[in-house]
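Remarks on the structure that follows.
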Amino acid sequence: MVILSGKGGVGKSTVSSLLARSLAKNEELEIGLLDIDITGPSQPLFMGVKNEEVHKSASGWTPVYADENLAVMSAGFLLAHDAALVWGGARVCSISEIVTFHRCVEKWASEKLPQRSGVGCT
């Protein structure tokens, strides 16, 4: 499921976090919430895992778990807490980190999430 809009401030993050929490109430489901907002990632705050960190290993990055069956990956985990994100100067070099982040999420999702018709990582 993708929640997106061409406009900011319309509640995408709120809807996403509430939907993920609601779906995670069913303990038979494994839920993954991916926050790809690289200009204002808010899911770590919304999901109560703001002070957590993703763990990097040889096989990629491991998501942070808000609950046993609710994994969260966010560009916000790559930033210093409460840091403003400015795409210029030395920070442009961090684009490679964002690309790596997305690739790791795709790999994790393809291994952990069930593949259904029309759903999956490519």
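The values are calculated or read from the model by the stated rules, or taken from the named source; none is laboratory data. The shown structure was predicted, so the numbers you read here are calculated from the model rather than taken from an experiment. Neighbour counts run over all protein chains shown; Cβ positions are idealised from the backbone, glycine included.
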Exercise for the section: Within segment 78-89, identify whether any single residue is at negative phi, at pLDDT 75 or above and not in a loop (DSSP other than H, G, I, E, B), and answer yes or no. Expected result: yes
Within segment 4-38, the count of residues that are in contact (Cβ under 8 Å) with a residue 12 or more places away in the chain, assigned to a loop (DSSP other than H, G, I, E, B) and touching a helix residue (DSSP H, G or I) at 6+ places or on another chain (Cβ under 9 Å) comes to 5
The residue that is nearest to MET1 (Cα to Cα), considering only those in segment 39-73 that are in contact with a helix residue (DSSP H, G or I) (Cβ under 8 Å, 6 or more places away or on another chain) and among the aromatic types (Phe, Trp, Tyr), is PHE46
Practice problem: Could you check, for segment 57-68, whether at least one of its residues is among the polar types (S, T, N, Q) and assigned to a loop (DSSP other than H, G, I, E, B)? | Solution: yes
